[in-house]
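First up is the structure itself, then whatever we jot down about it.
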Amino acid sequence: VARALAPGRPVIIHGRAPVGGLGKTELAIRLAHQLREQFADGVLWANIPTTRPADTLANWARGYGGLGLLGHGDLRFEFRPLSIEERRIAEVDARVDAVREQLRGKRILAVLDGVVDERDDAQIALLIRALRGCTVIVTSRVMRLPALDAERARAIELPPMTEDEAGDLFARIAGR
């Protein structure tokens, strides 16, 4: 996985299991720790099942001294009347652009953790846009998502453990 990492080209760590537990997140955590020296400007993390992209973008921006980042309802220089949904979309787009500008030229590793299925694609698309030029790991139960296909993401599959491997792991953790 470490050899596959490159700025601007996400890597998907995925496993074909109906439930979690293959070790995708653990692998991402270990990689982030091992590689932290290479990413002098930091590691960003988003837990996709609990993430609201607008909040995640605001938190990331604050971490880099950002903007106070376009507060709720703060669309500067927008004079035409917008519906609530149009305003929400415009605010998120403004945050994406602001964060991407803030992160430009920085050496950052971002982990988008816990993609469950295709319904997570919209969130991934926004965050990937903000992270353009950064090194990104996505942990996922699915291999193909339109947002990642568009970015030419490289997929690395974690095979499920054999019964013997699972038994050995259990014995190492639980002891005899």
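Checked against the criterion of being in a helix (DSSP H, G or I), in contact with a helix residue (DSSP H, G or I) (Cβ under 9 Å, 6 or more places away or on another chain), more than 21 Å from Leu22 (Cα to Cα) and modelled with pLDDT under 90, the candidates Arg87, Arg95 yield just one match: Arg95. Consider segment 148-170 and keep the residues that are aliphatic (A, V, I, L, M) and in contact with a Pro (Cβ under 9 Å, 6 or more places away or on another chain). The one that is nearest to Arg95 (Cα to Cα) is Leu148. Here the condition is being closer than 15 Å to Val136 by Cβ, assigned to a strand (DSSP E or B) and modelled with pLDDT of 90 or more; of Leu31, Leu35, Leu44, Leu57, it holds for Leu44 alone.
Please state which one of Ala166, Ala174, Ala147 is out of contact with any Cys (no Cβ under 7 Å at 6 or more places or on another chain) and either at pLDDT below 90 or open to solvent by 80 Å² or more (accessible area, probe 1.4 Å) (or both).
Values: Ala174 fails: either at pLDDT below 90 or open to solvent by 80 Å² or more (accessible area, probe 1.4 Å) (or both); Ala147 fails: either at pLDDT below 90 or open to solvent by 80 Å² or more (accessible area, probe 1.4 Å) (or both).
The unique qualifying residue is Ala166.
Within segment 124-144, the only residue that satisfies the criterion of being part of a helix (DSSP H, G or I) and under 12 Å from Gly114 (Cβ atoms) is Ile124. For beta carbons closer than 7 Å, sequence separation of 6+ or different chains, a first residue in segment 97-125 that is under 15 Å from Arg52 (Cα atoms) and open to solvent by 20 Å² or more (accessible area, probe 1.4 Å) and a second that is modelled with pLDDT under 95 and among the small types (Gly, Ala, Ser), the qualifying pairs are Asp121/Ala147; Ala125/Ala147. Residues in segment 42-62 that are open to solvent by 60 Å² or more (accessible area, probe 1.4 Å) and not polar (S, T, N, Q) were compared, and the one that is farthest from the chain's Cα centre (by Cα) is Arg62.
The values are calculated or read from the model by the stated rules, or taken from the named source; none is laboratory data. Computed from a predicted model, the values in this text were never measured in an experiment. Positions of Cβ are backbone-derived with ideal geometry, glycine not excepted, and every protein chain shown enters the neighbour counts. Just the protein is used for accessible areas: all its heavy atoms, side chains included, with ligands, DNA and RNA removed. Shrake-Rupley method; radii C 1.70, N 1.55, O 1.52, S 1.80 Å.
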